[in-house]
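> Below you'll find the structure I mean.
The values are calculated or read from the model by the stated rules, or taken from the named source; none is laboratory data. For clarity, every value in this text was computed on a predicted model and none was experimentally measured. Positions of Cβ are generated from backbone atoms using ideal geometry, with glycine treated the same way; all protein chains shown enter the neighbour counts. Side chains included, ligands, DNA and RNA excluded: accessible areas come from the protein's heavy atoms. Shrake-Rupley method; radii C 1.70, N 1.55, O 1.52, S 1.80 Å.
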Amino acid sequence: MRIAMIGGGYVGLVSGACFAELGHEVALVEVEPAKLKSLRDGGIPIYEPGLDTLVASNAKAGRLTFGDDIASAVAGVEAVFIAVGTPTRRGDGHADLSYVFAAVEQVARVLTGYTVIVTKSTVPVGTGRRNLDIIKSVRPDLDVDVASNPEFLREGSAIGDFMRPDRVVIGVEGERAREVLRRLYRPLYLIEAPILFTGLETAELIKYAANSFLAMKVTFINEMADICERAGADVHDVARGIGLDGRIGRKFLHPGPGFGGSCFPKDTLAMVRIAQDHGAPSRLIEAVVAVNDARKAGMAARIISAAGGSVRGKTIAVLGLTFKPETDDMRDAPSIPIVGRLVEDGAVVRAFDPEGMVQARPLLPANVVYCRDALDAAQGADLMVVATEWNEFRALAPERLKEVMRGDLIVDLRNLYEPATMKAAGFRYQSIGRP
Ligand SMILES: NC(=O)c1ccc[n+]([C@@H]2O[C@H](COP(=O)([O-])OP(=O)(O)OC[C@H]3O[C@@H](n4cnc5c(N)ncnc54)[C@H](O)[C@@H]3O)[C@@H](O)[C@H]2O)c1
(Lines give C-alpha, C1' and ligand atoms only; values in the text may rest on other atoms or scores of the structure.)
Protein backbone atom coordinates (compact mmCIF):
# COMPACT_ATOMS: atom_id res chain seq x y z
CA MET A 1 0.00 0.00 0.00
CA ARG A 2 1.06 3.59 -0.51
CA ILE A 3 0.81 5.97 2.41
CA ALA A 4 2.10 9.42 3.38
CA MET A 5 3.48 10.34 6.79
CA ILE A 6 3.31 14.03 7.71
CA GLY A 7 6.05 14.81 10.26
CA GLY A 8 9.45 13.17 10.51
CA GLY A 9 10.08 13.39 14.27
CA TYR A 10 10.37 10.57 16.82
CA VAL A 11 6.96 9.14 15.91
CA GLY A 12 6.72 9.96 12.19
CA LEU A 13 10.17 8.72 11.31
CA VAL A 14 9.96 5.52 13.35
CA SER A 15 6.46 4.59 12.22
CA GLY A 16 7.19 5.62 8.63
CA ALA A 17 10.30 3.44 8.55
CA CYS A 18 8.44 0.56 10.22
CA PHE A 19 5.50 0.73 7.79
CA ALA A 20 8.08 0.63 4.97
CA GLU A 21 9.73 -2.37 6.62
CA LEU A 22 6.31 -4.08 6.63
CA GLY A 23 6.32 -3.67 2.86
CA HIS A 24 4.36 -0.46 2.31
CA GLU A 25 5.53 2.51 0.24
CA VAL A 26 5.90 5.51 2.52
CA ALA A 27 6.34 9.14 1.45
CA LEU A 28 7.47 11.09 4.50
CA VAL A 29 6.99 14.85 4.62
CA GLU A 30 9.14 16.96 6.95
CA VAL A 31 9.09 20.76 6.98
CA GLU A 32 12.18 21.50 9.03
CA PRO A 33 14.93 22.01 6.44
CA ALA A 34 17.80 20.71 8.62
CA LYS A 35 15.94 17.49 9.47
CA LEU A 36 14.94 16.95 5.85
CA LYS A 37 18.46 17.54 4.61
CA SER A 38 19.85 15.08 7.13
CA LEU A 39 17.32 12.42 6.03
CA ARG A 40 17.97 13.01 2.36
CA ASP A 41 21.72 12.79 2.96
CA GLY A 42 21.28 9.37 4.55
CA GLY A 43 21.52 10.67 8.14
CA ILE A 44 19.12 10.45 11.08
CA PRO A 45 18.14 13.68 12.87
CA ILE A 46 17.37 11.87 16.16
CA TYR A 47 18.99 9.13 18.21
CA GLU A 48 16.91 5.96 18.39
CA PRO A 49 18.59 2.54 18.57
CA GLY A 50 18.42 0.65 15.27
CA LEU A 51 16.68 3.46 13.39
CA ASP A 52 19.65 4.34 11.17
CA THR A 53 19.86 0.90 9.58
CA LEU A 54 16.08 0.54 9.28
CA VAL A 55 15.77 3.92 7.53
CA ALA A 56 18.81 3.27 5.31
CA SER A 57 17.65 -0.15 4.12
CA ASN A 58 14.10 0.98 3.37
CA ALA A 59 15.26 4.17 1.64
CA LYS A 60 17.62 2.07 -0.45
CA ALA A 61 14.81 -0.31 -1.36
CA GLY A 62 12.78 2.72 -2.52
CA ARG A 63 9.97 2.11 -0.02
CA LEU A 64 10.78 5.18 2.10
CA THR A 65 11.18 8.63 0.53
CA PHE A 66 11.60 12.07 2.07
CA GLY A 67 10.35 15.43 0.88
CA ASP A 68 8.71 18.70 1.84
CA ASP A 69 6.07 18.76 -0.87
CA ILE A 70 2.78 17.47 0.51
CA ALA A 71 1.07 17.40 -2.91
CA SER A 72 3.50 14.94 -4.43
CA ALA A 73 3.68 12.88 -1.22
CA VAL A 74 -0.08 12.33 -1.01
CA ALA A 75 -0.64 11.65 -4.73
CA GLY A 76 -2.20 8.21 -5.07
CA VAL A 77 -1.94 7.22 -1.39
CA GLU A 78 -4.64 5.31 0.46
CA ALA A 79 -3.93 6.87 3.84
CA VAL A 80 -2.22 9.99 5.17
CA PHE A 81 -0.85 9.83 8.71
CA ILE A 82 -0.54 13.03 10.73
CA ALA A 83 2.44 12.67 13.09
CA VAL A 84 3.26 16.28 13.92
CA GLY A 85 3.88 17.61 17.43
CA THR A 86 1.12 18.46 19.94
CA PRO A 87 3.06 20.33 22.64
CA THR A 88 1.44 22.04 25.61
CA ARG A 89 -0.22 25.26 24.58
CA ARG A 90 1.31 28.24 26.32
CA GLY A 91 -0.61 29.40 29.36
CA ASP A 92 -3.45 26.89 29.75
CA GLY A 93 -2.13 23.32 29.60
CA HIS A 94 -4.27 22.33 26.60
CA ALA A 95 -2.62 20.45 23.75
CA ASP A 96 -1.58 22.89 21.02
CA LEU A 97 -3.33 21.57 17.92
CA SER A 98 -2.11 24.23 15.51
CA TYR A 99 0.40 21.89 13.81
CA VAL A 100 -2.23 19.17 13.41
CA PHE A 101 -4.86 21.50 11.97
CA ALA A 102 -2.33 23.15 9.64
CA ALA A 103 -1.18 19.76 8.36
CA VAL A 104 -4.75 18.51 7.86
CA GLU A 105 -5.65 21.65 5.92
CA GLN A 106 -2.52 21.39 3.74
CA VAL A 107 -3.33 17.76 3.00
CA ALA A 108 -6.99 18.46 2.25
CA ARG A 109 -6.10 21.13 -0.29
CA VAL A 110 -4.07 18.73 -2.45
CA LEU A 111 -5.86 15.37 -2.17
CA THR A 112 -7.22 13.97 -5.39
CA GLY A 113 -9.08 10.76 -4.55
CA TYR A 114 -10.55 8.80 -1.62
CA THR A 115 -8.13 8.86 1.31
CA VAL A 116 -8.21 8.06 5.02
CA ILE A 117 -6.64 10.81 7.12
CA VAL A 118 -5.29 9.17 10.23
CA THR A 119 -4.16 11.05 13.31
CA LYS A 120 -1.14 9.41 14.91
CA SER A 121 -0.27 12.42 17.04
CA THR A 122 -1.67 12.40 20.56
CA VAL A 123 -4.74 14.63 20.33
CA PRO A 124 -7.63 15.48 22.66
CA VAL A 125 -11.02 13.85 22.35
CA GLY A 126 -12.95 15.44 19.51
CA THR A 127 -9.95 16.34 17.33
CA GLY A 128 -10.77 13.75 14.65
CA ARG A 129 -14.17 15.34 14.12
CA ARG A 130 -12.63 18.82 14.07
CA ASN A 131 -10.21 17.56 11.42
CA LEU A 132 -13.17 16.41 9.35
CA ASP A 133 -14.79 19.85 9.71
CA ILE A 134 -11.57 21.49 8.49
CA ILE A 135 -11.38 19.17 5.50
CA LYS A 136 -15.00 19.76 4.59
CA SER A 137 -14.61 23.53 4.93
CA VAL A 138 -11.69 23.72 2.49
CA ARG A 139 -12.82 20.92 0.16
CA PRO A 140 -16.53 20.12 0.46
CA ASP A 141 -16.20 17.90 -2.62
CA LEU A 142 -13.61 15.57 -1.12
CA ASP A 143 -14.27 11.88 -0.46
CA VAL A 144 -12.40 11.22 2.81
CA ASP A 145 -12.67 9.49 6.12
CA VAL A 146 -10.83 10.36 9.30
CA ALA A 147 -9.38 7.88 11.78
CA SER A 148 -7.45 7.93 15.03
CA ASN A 149 -4.48 5.60 15.44
CA PRO A 150 -2.61 6.75 18.55
CA GLU A 151 1.01 5.67 18.86
CA PHE A 152 2.28 3.86 21.94
CA LEU A 153 5.97 3.46 21.05
CA ARG A 154 8.55 4.34 23.70
CA GLU A 155 11.66 6.25 22.74
CA GLY A 156 14.66 3.97 23.20
CA SER A 157 12.76 0.84 22.16
CA ALA A 158 10.56 2.43 19.52
CA ILE A 159 11.15 0.00 16.67
CA GLY A 160 10.41 -3.10 18.75
CA ASP A 161 7.36 -1.39 20.22
CA PHE A 162 6.03 -0.62 16.74
CA MET A 163 6.82 -4.00 15.19
CA ARG A 164 5.65 -6.10 18.15
CA PRO A 165 3.09 -3.88 19.84
CA ASP A 166 1.10 -4.80 22.95
CA ARG A 167 -1.87 -3.56 20.90
CA VAL A 168 -2.82 -1.35 17.98
CA VAL A 169 -5.73 1.00 18.61
CA ILE A 170 -7.74 2.21 15.64
CA GLY A 171 -10.65 4.60 16.04
CA VAL A 172 -12.65 4.64 12.85
CA GLU A 173 -16.20 4.83 11.55
CA GLY A 174 -17.33 3.13 8.38
CA GLU A 175 -16.28 -0.11 6.76
CA ARG A 176 -14.35 1.47 3.88
CA ALA A 177 -11.83 3.28 6.11
CA ARG A 178 -11.66 0.33 8.48
CA GLU A 179 -10.70 -1.92 5.58
CA VAL A 180 -7.84 0.41 4.54
CA LEU A 181 -6.42 0.35 8.06
CA ARG A 182 -6.98 -3.38 8.41
CA ARG A 183 -4.93 -4.01 5.26
CA LEU A 184 -2.23 -1.60 6.40
CA TYR A 185 -1.81 -3.40 9.73
CA ARG A 186 -2.28 -6.89 8.30
CA PRO A 187 1.40 -7.84 8.81
CA LEU A 188 1.04 -7.13 12.55
CA TYR A 189 -2.31 -8.92 12.68
CA LEU A 190 -0.52 -11.96 11.23
CA ILE A 191 1.90 -12.01 14.16
CA GLU A 192 -1.14 -11.86 16.44
CA ALA A 193 -0.75 -8.31 17.69
CA PRO A 194 -4.11 -7.41 19.23
CA ILE A 195 -5.84 -4.85 17.03
CA LEU A 196 -8.58 -2.94 18.77
CA PHE A 197 -11.15 -1.15 16.62
CA THR A 198 -13.10 1.55 18.45
CA GLY A 199 -14.94 4.78 17.78
CA LEU A 200 -12.94 7.96 17.17
CA GLU A 201 -13.42 9.51 20.60
CA THR A 202 -12.61 6.25 22.35
CA ALA A 203 -9.30 5.82 20.52
CA GLU A 204 -8.34 9.41 21.27
CA LEU A 205 -9.12 8.91 24.95
CA ILE A 206 -7.31 5.55 25.21
CA LYS A 207 -3.98 7.25 24.50
CA TYR A 208 -4.42 9.84 27.25
CA ALA A 209 -5.83 7.26 29.65
CA ALA A 210 -2.80 5.00 29.07
CA ASN A 211 -0.25 7.75 29.62
CA SER A 212 -2.11 9.17 32.60
CA PHE A 213 -2.27 5.73 34.22
CA LEU A 214 1.46 5.11 33.70
CA ALA A 215 2.29 8.58 35.02
CA MET A 216 0.12 7.82 38.03
CA LYS A 217 2.00 4.56 38.64
CA VAL A 218 5.36 6.36 38.57
CA THR A 219 4.05 9.07 40.86
CA PHE A 220 2.67 6.46 43.24
CA ILE A 221 5.99 4.69 43.66
CA ASN A 222 7.76 8.04 44.05
CA GLU A 223 5.47 8.85 46.97
CA MET A 224 6.11 5.38 48.41
CA ALA A 225 9.84 6.14 48.13
CA ASP A 226 9.39 9.29 50.22
CA ILE A 227 7.55 7.29 52.87
CA CYS A 228 10.23 4.57 52.78
CA GLU A 229 12.94 7.14 53.41
CA ARG A 230 11.23 8.33 56.55
CA ALA A 231 10.15 4.87 57.71
CA GLY A 232 13.44 3.05 57.10
CA ALA A 233 11.91 0.78 54.44
CA ASP A 234 13.27 -0.16 51.01
CA VAL A 235 11.19 1.02 48.06
CA HIS A 236 12.61 -1.64 45.72
CA ASP A 237 11.29 -4.37 47.99
CA VAL A 238 7.98 -2.54 48.26
CA ALA A 239 7.79 -2.34 44.46
CA ARG A 240 8.56 -6.04 44.16
CA GLY A 241 6.21 -6.94 46.96
CA ILE A 242 3.28 -5.17 45.34
CA GLY A 243 4.31 -5.74 41.71
CA LEU A 244 4.23 -9.52 42.00
CA ASP A 245 0.50 -9.13 42.44
CA GLY A 246 -0.75 -9.63 38.89
CA ARG A 247 -3.41 -6.97 39.37
CA ILE A 248 -0.68 -4.39 39.99
CA GLY A 249 2.16 -5.58 37.75
CA ARG A 250 5.90 -5.00 38.18
CA LYS A 251 6.53 -2.52 35.42
CA PHE A 252 6.68 1.24 35.95
CA LEU A 253 7.36 0.93 39.65
CA HIS A 254 10.85 2.41 39.60
CA PRO A 255 11.30 5.49 41.77
CA GLY A 256 13.16 8.54 40.50
CA PRO A 257 13.26 12.32 40.28
CA GLY A 258 9.75 12.63 38.79
CA PHE A 259 8.63 11.87 35.27
CA GLY A 260 9.70 14.06 32.37
CA GLY A 261 9.94 13.62 28.63
CA SER A 262 8.00 14.55 25.57
CA CYS A 263 4.77 12.78 26.53
CA PHE A 264 3.81 12.28 30.19
CA PRO A 265 4.06 15.92 31.34
CA LYS A 266 2.12 17.35 28.41
CA ASP A 267 -0.35 14.46 28.18
CA THR A 268 -1.27 14.50 31.88
CA LEU A 269 -1.76 18.28 31.67
CA ALA A 270 -3.93 17.89 28.57
CA MET A 271 -5.89 15.05 30.25
CA VAL A 272 -6.67 17.38 33.14
CA ARG A 273 -8.01 19.99 30.69
CA ILE A 274 -9.96 17.40 28.63
CA ALA A 275 -11.63 16.10 31.80
CA GLN A 276 -12.50 19.65 32.94
CA ASP A 277 -13.85 20.58 29.52
CA HIS A 278 -16.15 17.58 29.63
CA GLY A 279 -17.45 18.51 33.06
CA ALA A 280 -15.84 15.46 34.67
CA PRO A 281 -12.68 16.79 36.35
CA SER A 282 -10.08 14.17 37.25
CA ARG A 283 -8.81 14.97 40.73
CA LEU A 284 -6.54 11.94 40.48
CA ILE A 285 -4.66 13.20 37.42
CA GLU A 286 -4.63 16.74 38.78
CA ALA A 287 -2.85 15.37 41.86
CA VAL A 288 -0.39 13.44 39.69
CA VAL A 289 0.55 16.64 37.85
CA ALA A 290 0.93 18.65 41.06
CA VAL A 291 2.89 15.95 42.92
CA ASN A 292 5.24 15.39 40.00
CA ASP A 293 5.87 19.11 39.45
CA ALA A 294 6.72 19.53 43.13
CA ARG A 295 8.99 16.51 43.04
CA LYS A 296 10.99 17.71 40.05
CA ALA A 297 11.31 21.16 41.58
CA GLY A 298 12.41 19.62 44.89
CA MET A 299 15.21 17.46 43.50
CA ALA A 300 17.79 20.26 43.41
CA ALA A 301 16.93 21.14 47.02
CA ARG A 302 17.53 17.51 47.93
CA ILE A 303 20.99 17.64 46.37
CA ILE A 304 21.81 20.96 48.03
CA SER A 305 20.74 19.63 51.41
CA ALA A 306 22.85 16.47 50.92
CA ALA A 307 25.77 18.80 50.17
CA GLY A 308 25.37 20.42 53.60
CA GLY A 309 23.01 23.25 52.70
CA SER A 310 24.99 25.03 50.00
CA VAL A 311 26.65 24.20 46.70
CA ARG A 312 28.24 27.61 46.22
CA GLY A 313 31.72 27.15 44.76
CA LYS A 314 31.31 23.37 44.61
CA THR A 315 31.98 21.32 41.51
CA ILE A 316 29.15 18.91 40.70
CA ALA A 317 29.35 16.08 38.18
CA VAL A 318 25.96 15.40 36.58
CA LEU A 319 25.68 12.04 34.82
CA GLY A 320 22.88 11.85 32.29
CA LEU A 321 20.80 14.75 30.96
CA THR A 322 18.14 13.22 28.70
CA PHE A 323 14.75 12.41 30.25
CA LYS A 324 15.54 8.71 30.03
CA PRO A 325 18.31 6.52 28.61
CA GLU A 326 18.60 5.43 24.96
CA THR A 327 17.25 8.68 23.57
CA ASP A 328 18.62 12.15 22.82
CA ASP A 329 15.27 13.71 23.79
CA MET A 330 15.64 16.53 26.32
CA ARG A 331 12.01 17.65 26.34
CA ASP A 332 10.92 18.29 29.95
CA ALA A 333 13.91 16.33 31.29
CA PRO A 334 14.25 16.48 35.10
CA SER A 335 17.90 17.48 34.57
CA ILE A 336 16.79 20.92 33.28
CA PRO A 337 15.42 22.30 36.58
CA ILE A 338 18.08 20.42 38.57
CA VAL A 339 21.10 21.78 36.69
CA GLY A 340 19.49 25.22 36.39
CA ARG A 341 19.06 25.51 40.16
CA LEU A 342 22.52 24.12 40.99
CA VAL A 343 24.18 26.66 38.69
CA GLU A 344 21.97 29.44 40.02
CA ASP A 345 23.11 28.56 43.53
CA GLY A 346 26.74 28.95 42.55
CA ALA A 347 27.85 25.41 41.61
CA VAL A 348 30.15 24.56 38.73
CA VAL A 349 28.40 21.76 36.80
CA ARG A 350 30.40 19.24 34.80
CA ALA A 351 27.89 17.24 32.74
CA PHE A 352 28.01 14.20 30.54
CA ASP A 353 25.31 12.46 28.51
CA PRO A 354 26.03 9.80 25.87
CA GLU A 355 23.55 11.19 23.30
CA GLY A 356 21.85 14.34 24.56
CA MET A 357 24.56 17.00 24.96
CA VAL A 358 23.85 18.84 21.70
CA GLN A 359 20.14 18.98 22.57
CA ALA A 360 20.92 19.96 26.17
CA ARG A 361 23.06 23.01 25.39
CA PRO A 362 20.27 25.47 24.54
CA LEU A 363 18.23 24.30 27.56
CA LEU A 364 20.91 24.49 30.27
CA PRO A 365 22.88 27.47 31.63
CA ALA A 366 25.68 28.61 29.31
CA ASN A 367 28.46 27.91 31.80
CA VAL A 368 27.80 24.17 32.15
CA VAL A 369 30.97 22.25 31.25
CA TYR A 370 30.27 19.35 28.84
CA CYS A 371 32.60 16.41 29.36
CA ARG A 372 33.99 13.50 27.31
CA ASP A 373 32.64 10.75 29.52
CA ALA A 374 31.44 10.01 33.04
CA LEU A 375 34.92 9.84 34.57
CA ASP A 376 35.86 13.11 32.92
CA ALA A 377 32.75 14.72 34.43
CA ALA A 378 33.67 13.33 37.86
CA GLN A 379 37.21 14.77 37.64
CA GLY A 380 37.74 17.01 40.68
CA ALA A 381 34.03 16.95 41.58
CA ASP A 382 32.93 17.54 45.15
CA LEU A 383 29.82 15.52 44.52
CA MET A 384 28.23 13.50 41.76
CA VAL A 385 24.56 13.37 40.76
CA VAL A 386 23.11 10.55 38.65
CA ALA A 387 20.21 12.12 36.75
CA THR A 388 19.60 9.52 33.99
CA GLU A 389 20.17 5.76 34.19
CA TRP A 390 22.31 5.14 31.09
CA ASN A 391 23.68 1.60 31.18
CA GLU A 392 27.26 2.72 30.82
CA PHE A 393 27.04 4.49 34.20
CA ARG A 394 26.21 1.19 35.88
CA ALA A 395 29.60 -0.16 34.91
CA LEU A 396 31.61 2.66 36.51
CA ALA A 397 34.09 1.24 39.00
CA PRO A 398 33.54 2.95 42.38
CA GLU A 399 37.31 2.90 43.08
CA ARG A 400 38.04 4.81 39.87
CA LEU A 401 35.37 7.36 40.77
CA LYS A 402 36.87 7.73 44.21
CA GLU A 403 40.29 8.38 42.68
CA VAL A 404 39.15 11.14 40.32
CA MET A 405 36.61 12.90 42.54
CA ARG A 406 37.65 15.44 45.16
CA GLY A 407 34.66 14.80 47.38
CA ASP A 408 32.90 11.66 48.58
CA LEU A 409 29.20 12.39 48.02
CA ILE A 410 27.00 10.69 45.42
CA VAL A 411 23.32 11.59 45.03
CA ASP A 412 21.83 8.88 42.85
CA LEU A 413 18.37 9.87 41.64
CA ARG A 414 17.98 6.62 39.67
CA ASN A 415 19.17 4.02 42.18
CA LEU A 416 21.86 2.70 39.84
CA TYR A 417 24.23 1.40 42.49
CA GLU A 418 24.14 -0.84 45.51
CA PRO A 419 24.29 1.29 48.66
CA ALA A 420 26.59 -1.24 50.38
CA THR A 421 29.09 -1.24 47.48
CA MET A 422 29.26 2.54 47.38
CA LYS A 423 29.67 2.79 51.13
CA ALA A 424 32.41 0.17 51.04
CA ALA A 425 34.21 2.27 48.43
CA GLY A 426 34.17 5.20 50.85
CA PHE A 427 31.29 7.21 49.48
CA ARG A 428 28.49 8.96 51.28
CA TYR A 429 25.77 7.59 49.04
CA GLN A 430 22.17 8.83 48.85
CA SER A 431 19.61 7.18 46.64
CA ILE A 432 15.82 7.26 46.41
CA GLY A 433 13.67 5.44 48.92
CA ARG A 434 16.35 3.08 50.27
CA PRO A 435 17.90 2.99 53.72
N1 LIG B 1 7.93 10.90 21.17
C2 LIG B 1 7.25 9.87 21.63
O3 LIG B 1 7.78 9.00 22.31
C4 LIG B 1 5.77 9.73 21.32
C5 LIG B 1 5.14 8.52 21.56
C6 LIG B 1 3.79 8.38 21.25
C7 LIG B 1 3.09 9.47 20.75
N8 LIG B 1 3.71 10.65 20.54
C9 LIG B 1 2.95 11.76 19.96
O10 LIG B 1 3.26 11.86 18.57
C11 LIG B 1 3.25 13.22 18.15
C12 LIG B 1 4.59 13.58 17.54
O13 LIG B 1 5.58 13.48 18.54
P14 LIG B 1 7.13 13.51 18.20
O15 LIG B 1 7.85 13.21 19.45
O16 LIG B 1 7.37 12.70 16.99
O17 LIG B 1 7.31 15.07 17.82
P18 LIG B 1 8.52 15.73 17.04
O19 LIG B 1 8.49 17.17 17.41
O20 LIG B 1 9.76 14.94 17.24
O21 LIG B 1 8.12 15.56 15.50
C22 LIG B 1 7.14 16.31 14.83
C23 LIG B 1 7.70 16.65 13.46
O24 LIG B 1 6.67 17.15 12.62
C25 LIG B 1 7.21 18.16 11.78
N26 LIG B 1 6.10 18.95 11.25
C27 LIG B 1 5.30 19.84 11.91
N28 LIG B 1 4.38 20.35 11.06
C29 LIG B 1 4.56 19.75 9.86
C30 LIG B 1 3.90 19.83 8.59
N31 LIG B 1 2.84 20.63 8.42
N32 LIG B 1 4.37 19.09 7.59
C33 LIG B 1 5.43 18.27 7.76
N34 LIG B 1 6.09 18.13 8.92
C35 LIG B 1 5.65 18.87 9.97
C36 LIG B 1 8.15 18.90 12.71
O37 LIG B 1 9.11 19.63 11.99
C38 LIG B 1 8.77 17.75 13.51
O39 LIG B 1 9.95 17.25 12.91
C40 LIG B 1 2.88 14.03 19.38
O41 LIG B 1 1.50 14.24 19.40
C42 LIG B 1 3.28 13.12 20.53
O43 LIG B 1 2.53 13.36 21.70
C44 LIG B 1 5.05 10.80 20.79
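> What residues have an amide H closer than 5 Å to that of Val146, excluding those fewer than 5 places away on the same chain, when H is modeled at 1.01 Å from N in the peptide plane?
HN-HN under 5 Å from Val146: Ile117.
> A further question on this structure: Suppose we keep just the DSSP beta bridges with both residues in the stretch 1-115; what percent of those would be antiparallel, to 5? Could the numbers behind the result be given before it?
On the way: 1 of 14 bridges.
Roughly 5 percent of the beta bridges in the stretch 1-115 run antiparallel, per DSSP.
> Please report, in whole Å, how far the alpha carbons of the stretch 1-113 spread along each principal axis, starting with the longest.
44, 36, 23
> If you don't mind, there's one more thing I want to ask. Leaving out ligands, DNA and RNA, and with a 1.4 Å probe, what % of the accessible surface on the chain is carbon or sulfur? Numbers along the way, then the final one.
Working: 9880 of 18640 Å².
Solvent-exposed carbon and sulfur of the chain make up 53 percent of the total.
> Also: Tally Lys and Arg at +1 and Asp and Glu at -1 over the other residues with C-beta under 14 Å from the C-beta of Val180: what net charge comes out? List each step's numbers first, then the result.
Numbers: positive: Arg2, Arg176, Arg178, Arg182, Arg183, Arg186; negative: Glu78, Asp143, Asp145, Glu173, Glu175, Glu179.
Net of charged neighbours comes to 0.
> Probe of 1.4 angstrom, ligands and nucleic acids ignored: what's the accessible area per residue over the chain, in square angstrom? Don't skip to the answer; put the middle values down first.
Working: 18640 Å² over 435 residues.
Per residue, the chain has an accessible area of 43 Å².
> Now a separate question. For the stretch 41-46, what does the Karplus curve 6.51 cos²θ - 1.76 cosθ + 1.60, with θ = phi - 60°, yield as ³J(HN,Hα) per residue in whole Hz, taken in order and with x for Gly and Pro?
Ordered by residue, 3J(HN,Hα) equals 7, x, x, 10, x, 10 Hz.
> Counting alpha carbon pairs within less than 8 Å and at least 6 residues apart, what relative contact order, in whole percent, applies to the chain?
The normalised contact order for the chain reaches 12 percent.
> Something else about it: Can you give the helix-only mean residue ellipticity at 222 nm for the chain, where every DSSP H stretch with n ≥ 4 adds -39500 (n - 2.57) and the sum goes over all residues, rounded to the nearest 500 deg cm²/dmol? Please report the intermediate quantities before stating the final value.
Details: 19 runs with 196 residues, N = 435.
When only DSSP H runs of four or more count, the value is -13500 deg cm²/dmol.
> In degrees, nearest 10, range 0 to 90: what is the angle between the Cα axis of helix 10-21 and the longest Cα principal axis of the chain?
The angle comes out near 60 degrees.
> If you build the Cα gyration tensor of the chain and take the root of 5 times each eigenvalue, what three semi-axes come out, in whole angstrom, biggest first? Intermediate values should be presented prior to the final figure.
Details: eigenvalues 353, 113, 77 Å².
Whole-Å semi-axes of the equivalent ellipsoid: 42, 24, 20.
> Using the reciprocal of the averaged 1/r over all distinct C-alpha pairs, how large is the Kirkwood radius of the stretch 170-290 in Å? Mind dumping the intermediate values first?
Details: mean 1/r = 0.0593 Å⁻¹.
Taking the inverse mean of 1/r over all distinct Cα pairs, the stretch 170-290 comes out at 16.9 Å.
> Another question, if that's okay. Among Leu153, Val125, Ala377, whose Cα sits farthest toward the positive end of the charge dipole of the chain (+1 at Cβ of Lys/Arg, -1 at Cβ of Asp/Glu, about the Cα centre)?
Of the candidates, Ala377 comes out farthest on the positive side.
> Name the long-range amide H neighbours of Phe81: under 5 Å, sequence gap of 5 or more, or other chain; modelled H, no Pro or chain starts.
Distant-sequence amide H within range of Phe81: Ala4, Met5, Ile6, Val118.
> Continuing with this model, one more query. Please turn the phi angles of the stretch 130-136 into ³J(HN,Hα) values with the Karplus equation 6.51 cos²θ - 1.76 cosθ + 1.60 (θ = phi - 60°), one per residue in order, whole Hz, x for glycine and proline.
After applying 6.51 cos²θ - 1.76 cosθ + 1.60, I find 5, 4, 4, 4, 4, 4, 5 Hz.
> May I ask for the angle, rounded to the nearest 10°, between helix 200-231 and the longest principal axis of the chain, with both axes built from Cα atoms and the value confined to 0 to 90°?
Its long axis makes an angle of about 10 degrees.
> With charges only on Cβ, +1 for K and R and -1 for D and E, what is the dipole size of the chain about its Cα centre, in debye, rounded to 20?
Numbers: 51 positive and 55 negative charges, 94 e Å.
The dipole magnitude comes to about 460 debye.
> What does the charge dipole of the stretch 211-330 about its Cα centre add up to, to the nearest 20 debye, if the Cβ of each Lys and Arg holds +1 and the Cβ of each Asp and Glu holds -1?
Numbers: 15 positive and 13 negative charges, 35 e Å.
Dipole size: approximately 160 debye.
> Based on the inverse mean of 1/r over its pairs of different Cα atoms, what is the Kirkwood hydrodynamic radius of the stretch 52-191, in Å?
Working: mean 1/r = 0.0610 Å⁻¹.
After inverting the mean inverse Cα-Cα distance, the result is 16.4 Å.
> Sequence-distant or interchain residues sharing an amide H contact under 5 Å with Leu64, placed H: which?
Val26, Ala59
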